[in-house]
Amino acid sequence: MGGTWSVKIPRLATTSPSADELQGQIQSLLNKLDGTLSLWKPESALCKFNRSTSTDWHEVPPELADIVEQSLVISRQTDGAFDITVAPLVLLWGFGPRDFHLPPSPPSDSTIAQALPLVGHHRLHARRNPPAIRKDIAGVQIDLGAIGKGYAADAVAAHLDGLGITDYLIDLGGQLKSRGHSLSSPAWPIGIEEPTHDTRRILLTVDLHDQSIATSGDYHNFYDAGGKRYCHEIDPRTGRPVVDGPAAVSVLHASGATADAFATAFMVLGVDDGIRLADRLGIAALFVRRTTGSFTLHPTPGFPWRSDAR
Ligand code: ADP
Ligand code: MG
């Protein structure tokens, strides 16, 4: 998934596996998920499905059917702003596996127009029993970059819950999931960083209570070409990276996968449409807009930010 992970557990019961054992268990769980869901491993179940040109049901490991099913629900909720069939566009814009010896450059209008008909969540289907996924047209491909880390955080949490561990903070490439409390606080206080690529300053702090928080932004994964900045959140409706969108969006949710996916969807929808949808669905989110030399914060009413942090 192209990132690092950490898990903090303030104290382990004597009956619990040791820290070393837990680290090994979590690493193998993540290796297994990555081996199934990765776009960067040619032998992953995901890549095999992407290469397949068949429009019949394609049997996959249960995790892949499950994450596709969850993704399709969120696509419907966001009217297609979140859409894992965006893969051909992600590749065209240079944010997927590519020749890293060459700098990425924006594709031509005609290549975008050719790729757009392959993008659309209604062309993808999932079933759980037996686990399988299916595409309506041969060229449909999936990219789980906007939901995989949150999904994996949910899987690590389920593993720790199964061992009876009641307090933890999971960090999977910046998508966080917590339960219980930290050493010094009845929740897990976490910092949201300023959406700038060259500094690491905390913008504000939130207390995580048995929740996940995910942040998407235009400041980590982007490139400049021809005087323009291209970020890796792609608007499936236009086939182009989000322009003039929020600098960052953070989403709180019980589910890590949902938080991760909605953070990306809200980047695509922008502040006004994003806040309207968050309100309607009862999702707590913080939209951060870049202004000259500063940031303006647009939290939904339920977003529990601490005003003392700024
Ligand atoms: P990060 O990986 O930095 O947390 P995101 O969660 O926003 O960022 O995921 C961005 C990635 O998701 C892109 O690199 C791409 O692989 C994929 N992606 C881009 N746009 C969309 C979209 N509209 N819907 C679903 N996935 C997307
Ligand atoms: Mg995301």
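The values are calculated or read from the model by the stated rules, or taken from the named source; none is laboratory data. Owing to the predicted nature of the structure, the values given are computational and were not obtained by experimental measurement. All Cβ positions, even for glycine, are placed from backbone atoms using ideal geometry, and neighbour counts span all protein chains on display.
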Next item on the list: Might you check whether a residue that is closer than 17 Å to Ser6 by Cβ and within 12 Å of ligand 2 (Cβ to nearest atom) occurs anywhere in segment 181-200?
Entry: no
Notebook entry, point to check: Which of the residues that make up segment 113-147 are touching a residue at least 40 places away in the same chain (Cβ under 8 Å), of a type in the set (A, V, I, L, M, F, W, C), surrounded by 17 or more Cβ atoms within 10 Å (Cβ to Cβ) and not in a strand (DSSP E or B)?
Noted result: Ala115, Val119, Val140, Ile142, Leu144, Ala146, Ile147
Next item on the list: Take segment 199-250 and flag every residue that is in contact with a Ser or Thr (Cβ under 8 Å, 6 or more places away or on another chain), more than 9 Å from ligand 1 (Cβ to nearest atom), part of a loop (DSSP other than H, G, I, E, B) and of a type outside the set (D, E, K, R).
Entry: His209, Gln211, Tyr219
Item checked: Residue among Val86, Val68, Val73 that alone is under 20 Å from Ile133 (Cα atoms), within 16 Å of ligand 2 (Cβ to nearest atom) and surrounded by fewer than 22 Cβ atoms within 10 Å (Cβ to Cβ) -> Val73
Notebook entry, point to check: So which residues in segment 157-183 are away from ligand 1 (no atom under 16 Å from the Cβ), touching a Lys or Arg at 6+ places or on another chain (Cβ under 9 Å) and touching a residue at least 60 places away in the same chain (Cβ under 8 Å)?
Noted result: Ala157, Leu160, Ile165, Asp167, Tyr168, Leu169, Ser182, Leu183
Next item on the list: Give the residues of segment 139-184 that are closer than 21 Å to Pro17 by Cα and of a type in the set (Ser, Thr, Tyr), sorted by residue number.
Entry: Thr166, Tyr168, Ser178, Ser182
Margin query: Given the criteria more than 19 Å from Pro299 (Cα to Cα), touching a residue at least 60 places away in the same chain (Cβ under 8 Å) and either of a type outside the set (Lys, Arg) or crowded, with 19+ Cβ neighbours inside 10 Å (or both), does Leu203 qualify?
Written below: no
Next item on the list: Could you run through segment 278-297 and say how many residues are in a loop (DSSP other than H, G, I, E, B) and either surrounded by 13 or more Cβ atoms within 10 Å (Cβ to Cβ) or aromatic (Phe, Trp, Tyr) (or both)?
Entry: 1
Notebook entry, point to check: Is it true that some residue in segment 280-288 is of a type in the set (Lys, Arg), farther than 30 Å from Gln114 by Cβ and at pLDDT 95 or above?
Noted result: yes
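So that you can scan it fast, the table gives a plain yes or no per residue for (1) of a type in the set (Asp, Glu); (2) more than 17 Å from Gly239 (Cβ to Cβ):
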| position | (1), (2) |
| --- | --- |
| Ile112 | no, no |
| Ala132 | no, yes |
| Asp143 | yes, no |
| Ile165 | no, yes |
